[in-house]
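The structure appears below as structure tokens.
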Amino acid sequence: MIKKLNELKVLIDILPSHYHAAIENRHDLSELVEIVLDYGAPLTLKLQDEILRFANEKRVTKTDIKEVVAKCGKFNANRRAGIDGTLHRISCLENRQGEIVGLTLRIGRHIEGCVDPIRDILESGQNILILGPPGRGKTTKLREMAHILSTEMNRHVMVVDTSNEIAGEGDVPHHSVGYSRRMQVKNSFEQAAAMIEAVENHMPEVIVVDEIGTEEKALAARSIAERGVQLLASAHGYTIVNLIKNPTISDLLGGIQAVTLGDEEAKLRNTNKTILERKNLPTFGVLVELYGLNSFGVYDDTKSAVDDYLRGIPVRPLIRGNPPPHDMSPTVDAMPTAMHQFELPLDTDAEKTVTQIFPVGINVARLHAAIDGLRVSAAVSHSVGTADIVLTTKSQAKSKSKVQQILAGRDIPLHVIKRNVMGHILCFLRYYFSLSDSDEDLEMDSDIEIKDICEEVLSKGEAVEGSPRNAYLRRRQHQIVSEYGLNSMSVGEEPTRRVRVYPK
């Protein structure tokens, strides 16, 4: 405990001295998660269950911010820095001129015993993926796993460390990772290559990597698993369904594909001719949903869990440790019900309710993926004669265009989206099929949209704007843009404020 408090004091000491007493006199420092300094705003402390703003204290000045920046390490391409010998992370906000006007000081802690409820799985040598939203302790769990494997089990562990979040700032890895070696990665954009390099050059028995969030990283993870190296990793999400629905990283669970059955096979299965199936074996044999510091939901056979879900069978994890909070249900019932809507029985009137969508200027693969991901009762029509609706983009729908020629003399509704990107396609399908927008779905749509935009900017070299998003989703999008090595800024006024992505 003394070492932990000393490391927290190191973080407090880089703050301007007039803030020290306000923080050090608190009795709940063990619950401190972040310290926030924004120019012109009061000092803010984020605890596990509370946000405290010191409105009566001196407001943060640019001098205060410059003092902190001078005491911490150099910021990398992801706008992150650290303090040598600690697990703390410092992230910055910049104005349009590149001047730092805000700081988020994230407290990093080594918590011994935090993976005890799943220690038997760790020791079994299986690949483990930890799933949870930001701030729930995924990195803390990976850190303790690295410590156990490298010290108590004497295994050769390599930590692929983006922004030094797992093993701390400085060239010497933090003591919390035991005897693990650490490969430092400059930014998330280079993480996939570093993962492969770690295996090929250093021959570890175990690879530990944080935040797999892109297709490139997912493919690197599969390559590592196929080489017989135990892989421990984390990803953003709430439940196993988030990964199944996310076409970018669903390969971690084997990937999903639409399969067309023959007439006899479809009758034998009593399903539609088009169904969803898993493409490959999952990269991770075990998936752990993280509900809290000591609350886990474990799928010890991800292959069977994915297959059951796609067949419309409810899937439930095995709870280990403390029960999850009352507002976090570890059961997945609603989504398989929607799956039954996709796999309608043959020879019924219900089968005729499948909406045939004829795309013009819309990427067919994206449309297929969006339909499959949302499990809506729709299909891509390859002929306007069999279509129920036509879907196109704003640029394609101009007068005297191909779309107008196609619709001439036909009584088919035309639906127009702004751009041919996954985010806009998903938004249209949600609107057309009256789907509720949960926070998880909005996050997924937002992440997919900004990744599509980044790919478009990289290929065309031109600035592209996304859809209007709230402040939280814009922050997520800016982080993803930085992982692609691109620049971004928020433009417009609420409620139409949105992210614009620029070439580097």
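Computed from phi, the 3J(HN,Hα) profile of region 296-303 under the Karplus parametrisation 6.51, -1.76, 1.60 (θ = phi - 60°) reads 10, x, 10, 9, 7, 9, 5, 4 Hz, with x in place of Gly and Pro.
For region 137-240, treating each Cα as an identical point scatterer without solvent, what Debye log10 I(q)/I(0) comes out at q = 0.10, 0.13, 0.15 1/Å? At q = 0.10, 0.13, 0.15 Å⁻¹ the computed log10 ratios are -0.23, -0.40, -0.54. A P(r) calculated from all alpha carbon pairs of the chain, with 10 Å bins opening at zero, reads 4, 17, 26, 26, 17, 8, 3, 0 percent. Could you compute the FRET efficiency for residue 227 and residue 70, with r as their C-beta to C-beta distance and R0 at 35 Å, rounded to 0.05? The computed FRET efficiency comes out at 0.20. Relative intensity of region 2-106 on a log10 scale, I(q)/I(0) at q = 0.12 Å⁻¹, equals -0.37, per a Debye sum over C-alpha point scatterers of equal strength in the absence of solvent. Spin-label model, residue 277/residue 153: points 7 Å from Cα along the beta carbon direction are separated by 3.4 nm. Let's test the formula: R0 of 35 Å, r as the Cβ-Cβ distance of residue 456 and residue 259. What FRET efficiency results, to the nearest 0.05? So the FRET efficiency works out to roughly 0.75. The shape of region 63-110 can be summarised by an equivalent ellipsoid whose semi-axes, obtained from the alpha carbon gyration tensor, come to 19, 11, 9 Å from longest to shortest. Hydrodynamic estimate: the Kirkwood radius of region 439-502 over Cα pairs, inserted into Stokes-Einstein at 4 °C and 1.567 mPa s, corresponds to D of 113 µm²/s. Using a 7 Å offset from Cα along Cα-Cβ at residue 94, what residues in region 444-467 end up with backbone N under 19 Å from the label point? Residues passing the 19 Å test: 454, 458, 462-464. In a simple Cβ point-charge model (Lys, Arg +1; Asp, Glu -1; nothing else charged), the chain has a dipole of about 1420 debye relative to its Cα centre. Compared with the alpha-carbon gap, the fully stretched path from residue 300 to residue 489 is longer by 63.9 nm at 0.36 nm per residue. Neighbour counting of Cβ atoms within 10 Å sorts the residues 415, 174, fewest neighbours leading, into 415, 174.
Amide H contacts under 5 Å for residue 417: 392, 393, 394, restricted to partners 5 or more places along the chain or on a different chain, H placed in the peptide plane at 1.01 Å from N. For region 404-492, the set of GluC sites (Glu not before Pro) satisfying both a DSSP loop assignment and a count of at most 16 other C-beta atoms within 10 Å is given as 462. With distances taken between every two different alpha-carbon atoms, region 221-260 has a Kirkwood hydrodynamic radius of 11.5 Å.
What separates the Cα centres of region 462-482 and region 274-312 is a distance of 29 Å. Restricting attention to region 134-282, close to 30% of DSSP beta bridges with both partner residues there are antiparallel.
Sort 362-373, 61-72, 467-478, 244-255 by the packing proxy (mean of other Cβ within 10 Å over each peptide's residues), most packed first. Could you put the intermediate results ahead of the total?
Details: 362-373: 19.2, 61-72: 15.2, 467-478: 17.4, 244-255: 23.1.
The most tightly packed comes first, giving 244-255, 362-373, 467-478, 61-72.
222 nm [θ] for the chain, helices only, -39500 (n - 2.57) per DSSP H run of 4+, per residue, to 500?
Working: 16 runs with 160 residues, N = 504.
Computed mean residue ellipticity for the chain: -9500 deg cm²/dmol.
In plain terms, if you count all Cα to Cα distances in region 216-330 and split them into 10 Å steps from zero, the share in each step is 13, 40, 31, 14, 3, 0 percent. The distance linking region 3-71 with region 167-214 is 30 Å (Cα centroid to Cα centroid, whole angstrom).
Which value in Å does the Kirkwood hydrodynamic radius of region 116-330 take, with 1/r averaged over all unlike C-alpha pairs and then inverted? Write out the running numbers ahead of the final one.
Values: mean 1/r = 0.0558 Å⁻¹.
Averaging 1/r across every pair of different Cα atoms and inverting gives 17.9 Å.
Applying the Karplus relation 6.51 cos²θ - 1.76 cosθ + 1.60 with θ = phi - 60° to region 50-62 yields 3J(HN,Hα) values of 7, 10, 10, 10, 8, 5, 7, 7, 5, 5, 5, 10, 5 Hz, where x marks Gly and Pro.
Roughly what % antiparallel, to the nearest 5, for the DSSP beta bridges in the chain? Mind showing how you got there, number by number?
Details: 43 of 76 bridges.
The antiparallel fraction comes to roughly 55 percent.
Here the mean projected area of the convex hull built on the C-alpha positions of region 357-504 is 9.5 nm².
Between residue 386 and residue 33, what length in nm is gained on full extension when 0.36 nm per residue of separation is reduced by their alpha carbon distance? All intermediate terms of the calculation are to be shown ahead of the outcome.
Numbers: separation 353, 0.36 × 353 = 127.08 nm, distance 5.62 nm.
Extra length available between residue 386 and residue 33 comes to 121.5 nm.
For residue 431 and residue 410, FRET efficiency with R0 = 22 Å and r from the beta-carbon atoms, rounded to 0.05?
Numbers: r = 23 Å, r/R0 = 1.03.
With R0 = 22 Å, the Cβ-Cβ based efficiency is 0.45.
Here, each number is a calculation from the coordinates, and none is a lab measurement. This one's a predicted model, so the numbers in the text were calculated from it and none came from an experiment. Neighbour counts are summed over all protein chains in view; Cβ atoms, including those assigned to glycine, are modelled from backbone coordinates with ideal geometry.
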